[in-house]
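Written out below as structure tokens is the structure these notes cover.
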Amino acid sequence: MSSSPSPTPNGHAVTVIGLGPMGRALAAAFLTAGVRTTVWNRTPGRDGELVARGAVPAASAEEAVAASPLTVVCLVNYDATDSVLRTEAVTRALKGRTVVNLSADTAERARDTERWAGEHGIGYLDGAIMTPTPSIGTPSAVFLHSGPEPLHREHRPVLDALGGTHTHLGEEIGRAAAYDIALLDIFWTSMAGYVHALALAQAEGVSPTELAPFAQGIGAILPPLFQEWAEDVESGGFSGEGNPLTSAVSTMTHVVHAAEGHGIDASVMRAAEALARRTVDLGHGAEGFTRVTEVLGRR
């Protein structure tokens, strides 16, 4: 086992487990901020640049977590996290220390990990990174956290080295993952719609770069709609004023017919159209698209 590195001037130390692109960005941000940083990855050979900058390579996950009071984990999912943390040696080394898990998975997996951590005397915070790798260490980074507020407050000085904003969403450990899943839902369904639109435009002789400025215009009208629709769903108003569901279904049908006329798979829009038609068939045709939220939750 390697010896522990000498303390940095600010006295802070962190271990980063997981050195994919995001994990390397996290470790680099800690190093830039002068935080003593120990690194470990399941696949060797990804720490070279970080070590050259002053990171301390650990020979094992056990050695890595023992090197710092705080371990930040960034792996592909909680199966990967469990395979590293829930070994006897690592679990024993983590006792009395804190894990901040920035790996993506479901809220239930976060709750299960919290139970495991509590049983073994390990402090646990769950988290989510809501911005891409280049944002890490800059003011544009966005991090969400959930778990015990005193624990978050204790480690906030180190987490702040990652830049951007750090929002503590509450003590219920699953809240960060719940936000993450919902926001990923927005992102990927939006991206699915956009690549489908590019394919449809190209089939009609419109190049992607010609369409892009107008696509950005569509994007610009969404933020106020997000707020308006959230309030509508929360109040149960489901207002169809200006754009009832019957009208929405008609425009969706146009997209389906145009796409399939060019031999383009329209399954994404067909799914949206089917939800809208189902809601209309339930007697909500005069209401707005927000009524679909309530219908989706029906058993």
Lys, Arg +1 and Asp, Glu -1 on Cβ, resulting dipole of the chain about Cα centre, debye, nearest 20:
880 debye
Could you please report the charge total around Tyr78, scoring K, R as +1 and D, E as -1 over all other residues with beta-carbon less than 12 angstrom from its beta-carbon?
-4
Any idea what angle helix 267-279 forms with the longest principal axis of the chain, computed on alpha-carbon atoms, 0 to 90 degrees, nearest 10?
70 degrees
Taking the Cα atoms only, what angle lies between the long axis of helix 175-203 and the longest principal axis of the chain, rounded to 10 degrees?
50 degrees
If each K or R counts +1 and each D or E counts -1, the residues other than Ala192 whose Cβ falls under 14 Å of its Cβ total -1
Specify the angular offset, from 0 to 90 degrees and rounded to the nearest 10, of the alpha carbon long axis of helix 149-159 from the longest principal axis of the alpha carbons in the chain.
80 degrees
Place a +1 charge on the Cβ of each Lys and Arg in region 13-172 and a -1 charge on the Cβ of each Asp and Glu, then give the dipole magnitude about the Cα centre in debye, rounded to the nearest 20.
440 debye
Can you compute the FRET efficiency between Val206 and Leu183 using 1/(1 + (r/R0)^6), with r the Cβ-Cβ distance and R0 = 45 Å? Round to the nearest 0.05.
0.90
Please work out the FRET efficiency for the pair Ala286 and Asp112, using the Cβ-Cβ distance as r and a Förster radius of 51 Å; give the result to the nearest 0.05.
0.70
Need one word for region 207-296: rounded, prolate or oblate. Basis is the Cα gyration tensor (sqrt eigenvalues a ≥ b ≥ c); a/c below 1.5 gives rounded, then a/b vs b/c decides.
oblate
About its Cα centre, how strong a charge dipole does region 207-296 have in debye, to the nearest 20, once Lys and Arg get +1 and Asp and Glu get -1 at the Cβ?
240 debye
Is the C-alpha gyration tensor of the chain telling us rounded, prolate or oblate? Criteria: a/c under 1.5 is rounded; beyond that, a/b larger than b/c is prolate, otherwise oblate.
prolate
Give, in nm to one decimal, the length gained when the segment between Ile218 and Thr246 is fully stretched (0.36 nm per residue of separation minus the Cα-Cα distance).
8.0 nm
Compute the length gained on full extension between Arg92 and Thr131: take 0.36 nm times their separation in residues and subtract their Cα-Cα distance, giving the result in nm to one decimal.
10.7 nm
Fewest-first ordering of Asp82, Asp105 by Cβ atoms within 10 Å yields Asp82, Asp105
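Throughout, read-outs are computed from the coordinates displayed, never taken from laboratory work. Note that the structure is predicted; figures quoted are calculated from it, not measured. Cβ coordinates were reconstructed from backbone atoms using ideal geometry, including for glycine residues, and neighbour counts include every protein chain displayed.
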